[in-house]
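Here the structure comes first, spelled out in structure tokens, and everything after it is commentary.
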Amino acid sequence: MVSRSCISLLDFASGNMMNFSQSPRSLPRIMTVPGIISDVDVDGINDGISDAPSTGSGAKMIIVSNFLPLNAQKDLNSGKWSFSFDEDSLLLQMKDGFSAIPEVVYVGSLRVDVDSSEQEEVSQKLLEEFNCVPTFIPPDIYKKFYHGFCKHHLWPLFHYMLPLCPDHGNRFDRLLWQAYVSANKIFADKVTEVINNTEEDYVWVHDYHLMVLPTFLRKRFNRIKLGFFLHSPFPSSEIYRTLLVRDEILKALLNADLIGFHTFDYARHFLSCCSRMLGLDYESKRGHIGLEYFGRTVYIKILPVGIHMGRVESALNHPSSSIKVKEIQEQFKGKRLVIGVDDMDIFKGISLKLLAVEHLLLQNSELRGKLVLVQIVNPARSSGKDVQEAKMEIYSITKRINNTFGFPGYEPVVLIDRHVPFCEKTAYYALAECCIVNAVRDGMNLIPYKYIVCRQGTPKMDEALGVASGSRHTSSLVVSEFTGCSPSLSGAIRVNPWDIEAVANAVNTAINMPDLEKQLRHGKHYCYVSSHDVAYWARSFMQDLKRACKDHYSKRCWGIGFGLNFRILALSPSFRKLSNDYIISAYKRTSKRAIFLDYDGTMVPHTSLAKTPTPEVISVLNNLCADPMNSVFIVSGRGKKSLSDWFVQCENLGIAAEHGYFFRWSGMSDWETSSLAVDFDWKNIAEPVMKLYTEATDGSYIEVKESALVWHHQDADPDFGSCQAKELLDHLENVLANDPVAVKRGQNIVEVKPQGVTKGFVAEKVLSKMIASGKPPGFVLCIGDDRSDEDMFESISKTPYSSSLPSAPAIFACTVGQKPSKARYYLDDTVDVLALLQCLADASSSNLSSTETQVSFDNVVRKEL
């Protein structure tokens, strides 16, 4: 039964941390006509806070991230706060892509603590002057949220680091998780304050700090236009599945309309997790990847972020950059400069980079005294034992290299461990022959992009460098294959950062590459970077988000699930859950009925190992068949022997086996064989092909039927099995192109069967005979869960029923589960199916009892007369 979401009992135990704010509730949706849900707005659609358009003025983009794009400073003397925009912030730079949106609002935390007594004043100032809404998270929660769960659990895990022992990471801590959820809840409260109009406003949530925020927002605004972008890697399913709250996070992300990743690898890992852990399939729709999730399509966006070209070029033209360039030129006169810029982080591979330079100098004596690596180390974003150990190692290796290969006036490695202004960095970029990014795992890394733009230069920078106007520019890149920027830099030399010798050789190749080759590679890179800047990235994401949300108001929505399991069930107005009361009303009004039932996935769950019908199934079928007004048929792809043995107790039950190739009207009649197929020579071709795929796919097997061959892969690896099924389908279609067979793919199967043998043909055959005999059905029910059942749905809808009926027959085509279908109705699962059939059987029993009572009464009256 669909229920309105509320917090779970576990939430109470954790201090109501996931309680949603209370607000007046509207009346629940009601049925004004049997089986038809009224269009009255209610809790199910507009839960808590209405989705209905308000009187807001124009669309608004709400950007939500852990930190606001602001710099904050407090004057110790006056006690006054001063704020300014952080020009280096990606969130600020992406605003250029929202030219069509009149207002952009930022929601996030400040990087400084603000006393509770000052928070209201600061909030007002930030909103009025910067369009920023701060989230003031209590310090104890923030510490557990950011420095705890984010930095000690999610960040290492998403970078493939598992806490195998206490010295290498922290084990899962439920208190830190609760703080993470609480912090996300605070963000949701702030977003709620900002949203004016859910028909026009958009919300874009950023990064792993806020992965459960979509659930809170979707709970409050069922039709919110919501995008999420992950700026870190998403790990493979083997790594991600070790997270104790893996399902909660996946389900929360799926409450977004569009989920963005930098690379296909990250998106592929996410989709694999959804497949393996939630059983969700995805498909590409006209170039866009989509996941069907409870009637909603959640789209996947794959696009690496870019840089702000104007910001880099402005820095290049700054007077301080020109001055710094000349200083660096003088400092490293006659030297070959290689640049590296990295955060102080264990995943940046700085020590591996230094070891590669050491190996390069050891193997190439001609580079000693000439090659200089300038390694800029940005301040660490987090603290911990790992960071301190990495820093000590970097200093140790640097000292060893300089002691071994250095001499007065020459240091092979120049380590700059301080905050370096951007203008100074651009000067190093502009002068360096080569840039090396050697991270062992990095979500994106924009350093190569900035390096390329700086090497392209500007007229002012060219003048400072002494480069003639119109000269062709060059650049060389050595990039780790484990960084998100690697796929987009096709001209870079890609390396495995763990292979020190290979990295050393790559640097040597990069600096000794012919100038023409450097020019061509640079030109290719600059063309990409300049056209795929941050504005392009933001604009492209927004276009896809608008497309993903275009059907919001064409569907009816219900909120279902508890706590972080909350999700939206979205259905088109013409596709609704089959109401027991509605169908029973139609059932009782008719005197002749046809009922068609699939077996696997309809009468018994696909997940059940025991495929034989339960006593409950046998009982309900016998009760339905006992009504002389009913013609009940099991229409299955299974063989006739299995079905005969299983339903031997159901004498009045009709059975169609192997999709209708074998057919009998009841248990007392003989089997009929379809005349559509007489030649089965095609089996000699198809079976060897299936055997090849069975041998290559662990967990698969072949089911040999009298009329068909079926390749099953439900026990194989989900991804590999699906991939093999696609290949097998294509292979069989090619080799059987001239044979009278149909090759179809179903749920975890690939089947080859004679053409024309379909479940739809069975329904047509039964209905035609009933009509021809002068007993046309006034009630037709068909229930199935698979693609093969779609033929039945179509057949019962298109059959020309007798004009002698007083009214059009009541036709109920019903699929099991919410999915695209030709059926107009759905039931959630086999439990719902049996419950519905039991209601029909009970209705038949009551009718029979009433009839028998009436007959007995009439007999008594006759005797007395």
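Points to keep in mind about this one:
- Residue within the stretch 152-174 that is surrounded by 23 or more Cβ atoms within 10 Å (Cβ to Cβ), small (G, A, S) and touching a helix residue (DSSP H, G or I) at 6+ places or on another chain (Cβ under 7 Å) present: no
- Here E128 fits the description: over 26 Å from V212 (Cβ atoms) and part of a helix (DSSP H, G or I).
Let's see how each residue does on (1) under 17 Å from Q329 (Cβ atoms); (2) in the same structural domain as P156 (by the TED database); (3) surrounded by fewer than 24 Cβ atoms within 10 Å (Cβ to Cβ):
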position	(1), (2), (3)
F407	no, no, yes
F422	no, no, yes
L465	yes, no, yes
S476	no, no, no
S488	no, no, yes
V495	no, no, no
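- Residues of the stretch 67-86 satisfying the condition of being open to solvent by 90 Å² or more (accessible area, probe 1.4 Å) and touching a strand residue (DSSP E or B) at 6+ places or on another chain (Cβ under 9 Å): Q73, K80
- Residues that are in contact (Cβ under 8 Å) with a residue 12 or more places away in the chain, assigned to a loop (DSSP other than H, G, I, E, B) and of a type in the set (V, I, T) within the stretch 580-626 comprise T590, T602, T612, listed in sequence order.
- Applying the set (1) touching a strand residue (DSSP E or B) at 6+ places or on another chain (Cβ under 9 Å); (2) among the hydrophobic types (A, V, I, L, M, F, W, C); (3) over 26 Å from S642 (Cα atoms); (4) free of Cβ contacts under 8 Å to residues at least 12 places away in the same chain to W665 leaves exactly one unmet item: (3).
- Subset tally (residues that are buried (at least 24 other Cβ atoms within 10 Å of the Cβ) and in a loop (DSSP other than H, G, I, E, B)) for the stretch 428-443: 4
- Candidate set from the stretch 612-634 (those that are open to solvent by less than 50 Å² (accessible area, probe 1.4 Å) and under 41 Å from the mean Cα position of the chain (by Cα)); member that is nearest to L836 (Cα to Cα): V620
- Neighbours by Cβ (under 7 Å, 6+ apart or cross-chain): first from the stretch 201-222, farther than 13 Å from L258 by Cβ; second assigned to a loop (DSSP other than H, G, I, E, B) and hydroxyl-bearing (S, T, Y): D207/S232; Y208/S232; K219/S5; F221/T198
- Looking only at residues in the stretch 130-181 that are charged (D, E, K, R) and over 17 Å from D207 (Cβ atoms), the one that is modelled with the lowest pLDDT is D167.
- Odd one out for N196 among (1) open to solvent by 10 Å² or more (accessible area, probe 1.4 Å); (2) closer than 21 Å to G563 by Cα; (3) polar (S, T, N, Q): (2)
- Options D670, D679; residue that is assigned to a loop (DSSP other than H, G, I, E, B), more than 20 Å from W711 (Cα to Cα) and in contact (Cβ under 8 Å) with a residue 60 or more places away in the chain: D679
- Among the residues of the stretch 115-139, not one is without any contact (Cβ under 8 Å) to a residue 12 or more places away in the chain and touching a helix residue (DSSP H, G or I) at 6+ places or on another chain (Cβ under 8 Å).
- Note on the stretch 370-389: residues that are among the aliphatic types (A, V, I, L, M) and farther than 27 Å from A427 by Cβ total 1.
- Top-ranked residue of the stretch 542-564 - restricted to ones that are modelled with pLDDT of 85 or more, more than 17 Å from the chain's Cα centre (by Cα) and assigned to a loop (DSSP other than H, G, I, E, B), ranked as surrounded by the most Cβ atoms within 10 Å (Cβ to Cβ): G561
- Of everything in the stretch 749-774 that is free of Cβ contacts under 8 Å to residues at least 40 places away in the same chain and polar (S, T, N, Q), the residue that is most open to solvent (accessible area, probe 1.4 Å) is S773.
The values are calculated or read from the model by the stated rules, or taken from the named source; none is laboratory data. Keep in mind the model is a prediction, meaning the values are calculated, not measured. FYI the Cβ positions are ideal-geometry reconstructions off the backbone, even for glycines, and counts take in every protein chain you see. The protein model used for the area step is the full one, side chains on, heavy atoms only, and it has no ligands, DNA or RNA in it. Shrake-Rupley method; radii C 1.70, N 1.55, O 1.52, S 1.80 Å.
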